[in-house]
Each structure stands twice: as structure tokens, then as C-alpha cells.
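Contents: one structure, followed by commentary.
The values are calculated or read from the model by the stated rules, or taken from the named source; none is laboratory data. Computed from a prediction, not measured in an experiment: that's the story for all the values here. Cβ atoms come from the backbone with ideal geometry, glycine included; neighbour counts cover every protein chain shown.
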Amino acid sequence: MRKLIAEFIGTFTLVLIGCGTAMLVGCDAASGSGYLLTALAFGLTIVGMAYCVGNISGCHINPAVSLGVLLSGGMTAGEFIGYVVAQCLGALAGSGVLALIFNLGGVTDMTGGFGSNGLAGVNGSAGAGLLVELLLTFIFVLTILGVTSKKANHGSFGGIVIGFTLVLVHILGIGLTGTSVNPARSFGPAIVAAISGNTAPIGQLWVFWVGPLIGAVLAALVYKFLESNKKA
């Protein structure tokens, strides 16, 4: 239960800070500062949470990461299901709090959808969106598996490496899909946006589950292959 609470808190914080920043600064290509601020908000939140709850749950706070860990033998199927439920609830709670803050404070949501992901940057192409999310998640999860490997020797810098890798993939992905690489992070804002009357994000939500999960599977398979060759 402590692990699930940690995953809930971590995902709640990621959505609150990451999506909240995106809502405030926007992600228009004409304003590069918005890109960087949003990318840093997501990445630095991961850094903070890695050192906050990492020793409790591993700080997955992302179903794709949990799937990669599951396929690498780092958790059981039951634990995986519990993690995903906790992550989705945390994301939903984070989005709900953002809706409350922005509505009570009369603050303008610059994203128009609570920081939800979409396909506008790829002209509505689900195929392009899937490819972007698959590749970016592959890079992100592969990095995590390498950094957290028992053979890795990164000392206390693992959380920093993972956090700044998330910044890296956001810098490319924000203008294309808003960068998910995290199905739970996409789930919360899409649900809250739909409740608020904007149903567009929830109609595209499947892309931000399928793409990241396939990317995570490929990352786990590739890392297992590379690690097995290293042993040989």
C-alpha cells in the first residue's frame, strides 16, 4: 500500500506541476520559452520525486515505465496493475486540483485542455502521433532501465539523468503531440477536459496509451538483448 500511495503522490505532483506549467505558459511554437519551461517542469518534477519516493516505489509514476520494469522482471503482474491504477488516480487528482485552481482563480488555460495531449502538431495524424510517442517513450524507458540496472554505477545521480532525459524528449515532442510518454499523464487531463466540455483530448487518448506502451515493450526487449550480450 505504501508503494501505491507513493505512486499516487508522484503522479499527482507530475501532473500538477508539469501540466499546470503548460496551462500557464502555453506551448506555442512562436514562444520557445513556453517549450523550455514546460519541459523543465516535467523533468525537474521527476528529479524531485525520484529522490522523494524513489526509495519507496521506484518512482515509476508512469504506466509505460512500470510495463518496462514488469517485462524486465522487476515487478509482478499484480504489482503492475496496482501501480497503473494508482498512477491514473494520481493523474486524475492532479488534473482535478488544477481545474479547481484555474476556475476559482479565473486563470486562463493557455493550452485549452488542461495540458492534455493532442495531435494538432502532426496535423491530426494518429499514425505520426503513434510514431512520435513510441520513439520518445522508447528512449525514455531505455534510459531508465539502463540507469536503474543493478550493474549501473551512477551513484546518487540516477534521478537527475532520468529527469533530464524527460526534459530532452519534451523539447522535441511538445510541438508534435504535447509529449506524453506517460499514459497516466494523458489520462487525467483528458478526463477533466471532457468533464469541462472539451471532448477532443479524450477522443485521441488511445494514441497516448498505445504509443507509449509499445515503446516501453520495445525498450524492455532491446535492453534485455543488450544486457544479455554484455553477459555473454
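List of remarks:
Each row is one residue, and each column tells you yes or no for (1) part of a helix (DSSP H, G or I); (2) modelled with pLDDT under 95; (3) farther than 17 Å from Gly94 by Cβ.
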| position | (1), (2), (3) |
| --- | --- |
| Phe140 | yes, no, yes |
| Ala152 | no, yes, yes |
| Ser156 | no, yes, yes |
| Val161 | yes, yes, yes |
| Leu166 | yes, no, no |
| Ile171 | yes, yes, yes |
| Gly175 | yes, yes, yes |
| Gly188 | yes, no, no |
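- Checked against (1) within 19 Å of Pro201 (Cα to Cα); (2) in contact with a Gly (Cβ under 8 Å, 6 or more places away or on another chain); (3) modelled with pLDDT of 95 or more, Cys27 passes all but condition (3).
- Of the residues making up segment 64-98, those that are over 20 Å from Ala219 (Cβ atoms), surrounded by 15 or more Cβ atoms within 10 Å (Cβ to Cβ) and of a type in the set (Gly, Ala, Ser) number 8.
- Among residues of segment 75-108, those that are in contact (Cβ under 8 Å) with a residue 24 or more places away in the chain and assigned to a loop (DSSP other than H, G, I, E, B), counted: 1
- Just one of the listed residues (Leu221, Leu226, Leu166) is touching a residue at least 12 places away in the same chain (Cβ under 8 Å) and surrounded by fewer than 24 Cβ atoms within 10 Å (Cβ to Cβ), namely Leu221.
- Only residues that are over 18 Å from Val65 (Cβ atoms) and either in a helix (DSSP H, G or I) or of a type in the set (D, E, K, R) (or both) were counted across segment 1-12, and they come to 1.
- Test: residue in segment 13-36 that is in contact with a Leu (Cβ under 8 Å, 6 or more places away or on another chain), among the hydrophobic types (A, V, I, L, M, F, W, C) and not in a helix (DSSP H, G or I): no
- Pairs with Cβ under 6 Å, 6+ apart, first in segment 191-204 and closer than 11 Å to Phe114 by Cα and modelled with pLDDT under 95, second loosely packed, with under 14 Cβ neighbours inside 10 Å and acidic (Asp, Glu): none
- Taking segment 106-129 as the range and being among the β-branched types (Val, Ile, Thr) and in contact with a Cys (Cβ under 9 Å, 6 or more places away or on another chain) as the test, only Thr111 passes.
- Residue match in segment 99-109 (condition: closer than 19 Å to Asn62 by Cβ and buried (at least 21 other Cβ atoms within 10 Å of the Cβ)): no
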